[in-house]
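Some notes on the structure that comes next.
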Amino acid sequence: MRRTVVPSIPILAAVAFTGLLGACHKGAGAHYAFEPTPRAVITQERIAPSHSGRVGVDWIASADVHLLAVVGEGDHARLALLNSEDGGDSFDKPVWVSEEGKPVSSSGESSEAFVATSKQLYAAWNQGDELWFARSITWGNSFEKPIKISDGPANSFTGYPSLGVAPSGDLYAVWIDTRDQTDSAPNYSVYLARSTDHGATFGKNVRIAEKICPCCRPNLAFGSNGEVMVLWRHVYPGSIRDMTVAVSTDGGETFSSPKRIAEDNWKLNGCPDSGSATAHVGNRVYVAWLTEASSDKGGVRMTWTDDGGKTWASPVWASQNILDANYPWFSVTQDGRALLVFQGRDPQKRNGWGGTGVYLVEIGSDGKFSEPMAIPGIAESARRPSVTAGMGGRVYITWNSDKDGQHAVFLSRARRESP
């Protein structure tokens, strides 16, 4: 990548926005021009199979796009970054992130985490039962030697990582950990580690909570006054599995007592394998998640806080009328719009039993949210989408699907058009 200018502007961290947002409610539909046919990006590079694609973009050089994905399978699974200098038309050869001969463990919720800033690219992943991390300070031309984040005993499991960059520039990692369980009492906990030197090192592991849902990825969000929010799906008495938050005001050293962000009261004797998505816009933090607590309604719910996690708004159904909606993912545009994607089925197709597609919802700076927009041209069922906002109204959406009998990462691009 030919990138030399490195100004101090965050990319996938919080986006500043002036003014307190009003209540969230449905508004006029947004207009996006999607390319007609999505592409299986990694297979074009002849290193299939691949899955778990994540996109990062450069908000200075508008044509620079970075795609992180797991390529290969089993003992040959490895984490790679592919760079594009033409807005995603084509991608260079892989830049390897994880080390050869050390297979990456990635499946479902427990896939790699990826964050891009104006100065670094960050990646975290599971390697065996340990959590590993690597950074690039050359904007994707190379990655430094990986380091281990988790500091638990060798017989404990770590997985389901998320990364987040606070407005202060500190980097945080959260994950699920089994170091607190015994042979007679299984116990899954959420842990956190902080880096104050942009990923060169990480501090001690801090336990946030025990007895959490064992396969729903925890997540991070940051308030405007230095708050660090950790979100996870907790297991309450009676096998109630609701989204929960704990807040730190001292940089992740200590946390408040956990509390639910919404009382779904979802009783489930098993793990739904679906965590939350977060977005920070001005003073507001959005959180979206799956619930099927209601007998006649399920899908992606959304709430928000304007006071750093002290109080939360009454939830709304972000997925609206889309069936089987799941796996939400947020991004934020330069001008303060939140973009939410999720997978789901069109209720108008084949009695609601058509293939699983990808849907985009835009939340404006006024708090209004659009009708779900279906990403066109998806031939096979799509799984676990993600979205990244770029410069000039550009949007990049990835998901997992199949091509020629192999797992593949698909990419669709769009531009926002004025209503």
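The values are calculated or read from the model by the stated rules, or taken from the named source; none is laboratory data. Keep in mind it's a predicted model, so treat the numbers as computed, not measured. FYI the Cβ positions are ideal-geometry reconstructions off the backbone, even for glycines, and counts take in every protein chain you see.
Okay, here's what the table says:
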item: Yes/no for residue 150 being without any contact (Cβ under 8 Å) to a residue 60 or more places away in the chain and surrounded by fewer than 24 Cβ atoms within 10 Å (Cβ to Cβ); result: no
item: Some residue of segment 167-179 being among the polar types (S, T, N, Q), buried (at least 24 other Cβ atoms within 10 Å of the Cβ) and touching a residue at least 40 places away in the same chain (Cβ under 8 Å); result: no
item: Selected residue [crowded, with 24+ Cβ neighbours inside 10 Å, touching an Asp or Glu at 6+ places or on another chain (Cβ under 8 Å) and free of Cβ contacts under 8 Å to residues at least 40 places away in the same chain] from 260, 301; result: 301
item: Options 286, 327; residue that is surrounded by 24 or more Cβ atoms within 10 Å (Cβ to Cβ) and either over 17 Å from residue 222 (Cβ atoms) or without any contact (Cβ under 8 Å) to a residue 12 or more places away in the chain (or both); result: 327
item: Long-range neighbours under 6 Å by Cβ, at least six apart or interchain, first residue in a loop (DSSP other than H, G, I, E, B) within segment 195-216, second at pLDDT below 95 and hydrophobic (A, V, I, L, M, F, W, C); result: 213/271; 214/271; 215/271
item: Answer residue from segment 120-147, given it is surrounded by 19 or more Cβ atoms within 10 Å (Cβ to Cβ) and closer than 13 Å to residue 95 by Cα and is modelled with the lowest pLDDT among those; result: 139
item: Top-ranked residue of segment 362-419 - restricted to ones that are in contact (Cβ under 8 Å) with a residue 40 or more places away in the chain and among the acidic types (Asp, Glu), ranked as surrounded by the most Cβ atoms within 10 Å (Cβ to Cβ); result: 362
item: Residue count for segment 252-278, restricted to those that are at pLDDT 95 or above, over 23 Å from residue 342 (Cβ atoms) and touching a Ser or Thr at 6+ places or on another chain (Cβ under 8 Å); result: 5
item: Residues of segment 375-419 that turn out to be more than 26 Å from residue 334 (Cα to Cα) and either among the charged types (D, E, K, R) or over 19 Å from the mean Cα position of the chain (by Cα) (or both), as a count; result: 12
item: Tally, over segment 76-108, of residues that are surrounded by fewer than 16 Cβ atoms within 10 Å (Cβ to Cβ), among the small types (Gly, Ala, Ser) and part of a strand (DSSP E or B); result: 1
item: Residue 241 vs. criteria at pLDDT 95 or above, surrounded by fewer than 16 Cβ atoms within 10 Å (Cβ to Cβ), under 27 Å from residue 172 (Cα atoms) and under 21 Å from the mean Cα position of the chain (by Cα); result: no
item: Of all residues making up segment 162-186, the number that are out of contact with any Pro (no Cβ under 9 Å at 6 or more places or on another chain) and either within 16 Å of residue 129 (Cα to Cα) or part of a loop (DSSP other than H, G, I, E, B) (or both); result: 10
item: Residue match in segment 153-160 (condition: under 28 Å from residue 226 (Cβ atoms), of a type in the set (Val, Ile, Thr) and surrounded by fewer than 23 Cβ atoms within 10 Å (Cβ to Cβ)); result: no
item: Lone qualifier among 220, 192, 171 - being under 22 Å from residue 302 (Cβ atoms) and either within 18 Å of the chain's Cα centre (by Cα) or at pLDDT 95 or above (or both); result: 220
